1. Which condition breaks for Ile439 when tested against (1) open to solvent by less than 20 Å² (accessible area, probe 1.4 Å); (2) among the hydrophobic types (A, V, I, L, M, F, W, C); (3) more than 30 Å from Glu359 (Cβ to Cβ)?
2. Just a yes or no: is a residue in region 518-540 over 22 Å from Leu567 (Cα atoms) and either assigned to a helix (DSSP H, G or I) or among the β-branched types (Val, Ile, Thr) (or both)?
3. What pairs come out if I take residues in region 158-179 that are of a type in the set (Lys, Arg) and pair them with residues that are assigned to a helix (DSSP H, G or I) and open to solvent by less than 10 Å² (accessible area, probe 1.4 Å) whose C-beta lies under 8 Å away, six or more apart or interchain?
4. Among Leu245, Leu221, Leu254, Leu275, which is the only one that is surrounded by 12 or more Cβ atoms within 10 Å (Cβ to Cβ) and modelled with pLDDT under 80?
5. Tell me which residues, restricted to region 694-718, are touching a residue at least 40 places away in the same chain (Cβ under 8 Å) and either part of a loop (DSSP other than H, G, I, E, B) or open to solvent by less than 30 Å² (accessible area, probe 1.4 Å) (or both).
6. Give the residues of region 498-512 that are of a type outside the set (Gly, Ala, Ser), open to solvent by less than 50 Å² (accessible area, probe 1.4 Å) and either in contact with an Asp or Glu (Cβ under 9 Å, 6 or more places away or on another chain) or not in a helix (DSSP H, G or I) (or both), sorted by residue number.
7. For the condition β-branched (Val, Ile, Thr), over 30 Å from Glu429 (Cα atoms) and assigned to a helix (DSSP H, G or I), what is the one hit in Val467, Val485, Val568?
8. Does region 485-493 contain any residue that is crowded, with 19+ Cβ neighbours inside 10 Å and among the acidic types (Asp, Glu)?
Amino acid sequence: GLHCSGGQITEALLKERDKLAKWNGIPLLLQKLYENSHPNSDFSECQSILKEISPLLSMEAMAFVTDDNRKPAQEAAFPNTYTFDLFGGVDVSVSGFLFRKLFNQLLSFCIAVSDDLIKDCLSILYNTCICTEGVTKRLAERNDFVLFLFTLMTNKKTFLQTATLIEDILGVKKEMIQLEDIPNLASLVSSFDQQQLANFCRILAVTISELDTGSDDKHTLLAKNAQQKKNGGPSRAEVNQATLLNIPGFVERLCKLATRKVSETTGTSNFLQELEEWYTWLDNALVLDALMRVANEEAEQSSTESSDESGLANTSARTQLPQSMKIMHEIMYKLEVLYVLCVLLMGRQRNQVHKMIAEFKLIPGLNNLFDKLIWRKHSASTLVLHGHNQNCDCSPDITLKIQFLRLLQSFSDHHENKYLLLNSQELNELSAISLKANIPEVDAVVNTDRSLVCDGKRGLLTRLLQVMKKEPAESSFRFWQARAVESFLRGATSYADQMFLLKRGLLEHILYCIVDSECKSRDVLQSYFDLLGELMKFNIDAFKRFNKYINTDEKFQIFLNQINSSLVDSNMLVRCITLSLDRFENQSDIKVAEVLSECRLLSYMSQMSMRMSFLFRLINIIHVQTLTQENVSCLNTSLVILMLARRKEKLPFYLHKLQEMEYVKKYPGFILNNFHSLLRFWQQHYLNKDKDSTCLENSSCISFTYWKETVSILLSPDRTSPCAIVSYIDEAYMDIDRDFSEE
């Protein structure tokens, strides 16, 4: 009951209790604050009270932030903050904010006072949030308060405090806020300088991301489809993305921030002052001593490199400190900005964002930063945050690289603009490859605006290939690098694109990783198999190169073991080999015939028993209830095998074989019943008007109509049809009437 009655307890009682409970005088101070926080009271009085409370709380917050274990706060550990909250301090502060809104005129007389007043209020709220559970949630529930905090961001002096508090509050808010509700959002954003805009991106990140995207691959498709039905319209995050895109010049400023060079940032004096603000506020206060270490190491290095100049070592430490800090800062800013751009590139307005990003030369700009900033050499300057080692994924250097690779992946995925990742010579090379092979050039290459492509010796794609080849075997970047290159190849297969990468030794590099270094990481293997599939699909030269590299039975066996160790990870490659084999068999080219007879991989896949074995296992590892974005590809791969069989009028033969395999396993019906349910789900999922079927068409070169027909034929209820699944399940074992509920 103390919450509401903080103002009514007698002073004597509080003093008495205070000694016993070690409340450090906080309740008394709060009582005074309560009395003084009315519209017509004296703010200088409030000011001095807040000044007394603030240090009591900030010491605890600092202790909390620097404590490695960061356990949830207990009242015993942070008595002052707990007491402050217990006696309604948070509510007084918030109501203080709200009446400040109402009595702006009154306060305009004492602007100087009120700035500091806000600063103290923010500081107290922030420290209470850090140390006391539940406070952040209470603040988050007050929508008016959250929106009001945004308006405080126009105030330069309190910008960082406000931003940090907003970030914490949005982190626990159940309902995403709507950016369009923020008063004068466009003018607020245009009032920010570039540094503030970068900090603002940290906040925006929360508002434009779908709440559960983290484990997108792991959510079952049933659950996702049910969720979409329930939501109907665009989600709050999508509405927020649209709001941002409507702010004039917003994307252009992000592109400028993302591509500016470290040398273009503010001068040193200005910069150090900005740093001070930063480190007093963010939990990166720990970055400071790390940076001091970095500077000293840089100095030591330069002194060991040239002993003549060892006298200069100390001065170099002093001059280099701002430089390493500048780089670190720039990395932290770019991180936030690239994240926002990446989310927008994957959203509903993708094409609009693509146009803007091309026009504002984001890609050539990032290309120019590649060596100096994004993939800079790791010397002593690898920043290690306390308690982390330098390979842990939370160092800003590492996060920036991953963010950059994710941006490249979403940029080139199924989009014509992907050719902006090359420079002019490289584009000419693509044309030359097409000319030599006597195939027409890809339209997108011809239509690429040469004034917007990368400049310099190399484009971004070839730079990426270079670092990819040098990456140590156990590096966590391998997955993201492979994904980025694979997305460049996605879409309709382009022979010239494949040859461009094959000429640069990509196939041998991938095979080295899969076979020679026997890569064990499931994620990396999956991304390498997917990339290998895109690189080899329909490309006879690639199969020739494969055979030259995998030149012993022993190597081939290791390769097969890797494929078989997890079909969820390798099925896209299996699909590509099957499709390629089918096309090669139908060609009457002497070179193709030669490779067909020599290539271990193609001979292996041309055995009917091998294709059957893959088909059986692919259907066996998935069930409607466990389908996700990640493993649904197994279903599509099994369909590809059967569509190719249908073209050769072998469908009944394949179904009969599946039935035989069930009997061998002494479990009649279990594969075919499951397959029947999976195909019914397939119809529900892909015949949805929102579903994009072009991906299935592009990747298989089989028309979507043929996909649909094949599924209908297989699902036909006619037990006399030789192509219907039901014809191969004995009545006694039929188990297909049950409807699967959308769990």
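The values are calculated or read from the model by the stated rules, or taken from the named source; none is laboratory data. As the structure is a prediction and not an experimental result, all values here were calculated from the model. When we count neighbours, we look across all protein chains shown, and the Cβ atoms used for this are built from the backbone with ideal geometry, even at glycine. Areas reflect the complete protein model, heavy atoms only, side chains present, ligands, DNA and RNA absent. Shrake-Rupley method; radii C 1.70, N 1.55, O 1.52, S 1.80 Å.
1. It fails just one condition, (1).
2. Step one: list which residues in region 518-540 are over 22 Å from Leu567 (Cα atoms), which gives 539-540.
Narrowing the set further to residues that are either assigned to a helix (DSSP H, G or I) or among the β-branched types (Val, Ile, Thr) (or both) leaves 540.
Yes, region 518-540 contains a residue that is over 22 Å from Leu567 (Cα atoms) and either assigned to a helix (DSSP H, G or I) or among the β-branched types (Val, Ile, Thr) (or both).
3. Pairs that qualify, where the first residue is of a type in the set (Lys, Arg) and the partner is assigned to a helix (DSSP H, G or I) and open to solvent by less than 10 Å² (accessible area, probe 1.4 Å), are Lys173/Ala140; Lys173/Val146; Lys174/Ala140.
4. Numbers: Leu245 fails: modelled with pLDDT under 80; Leu221 fails: modelled with pLDDT under 80; Leu254 fails: modelled with pLDDT under 80.
It is Leu275.
5. Matches in region 694-718: Leu696, Ser699, Ser700, Cys701, Ile702, Trp707, Thr710, Val711, Leu714.
6. Gln498, Met499, Phe500, Leu502
7. Being β-branched (Val, Ile, Thr), over 30 Å from Glu429 (Cα atoms) and assigned to a helix (DSSP H, G or I) holds for just one of Val467, Val485, Val568, which is Val568.
8. There is at least one residue in region 485-493 that is crowded, with 19+ Cβ neighbours inside 10 Å and among the acidic types (Asp, Glu).
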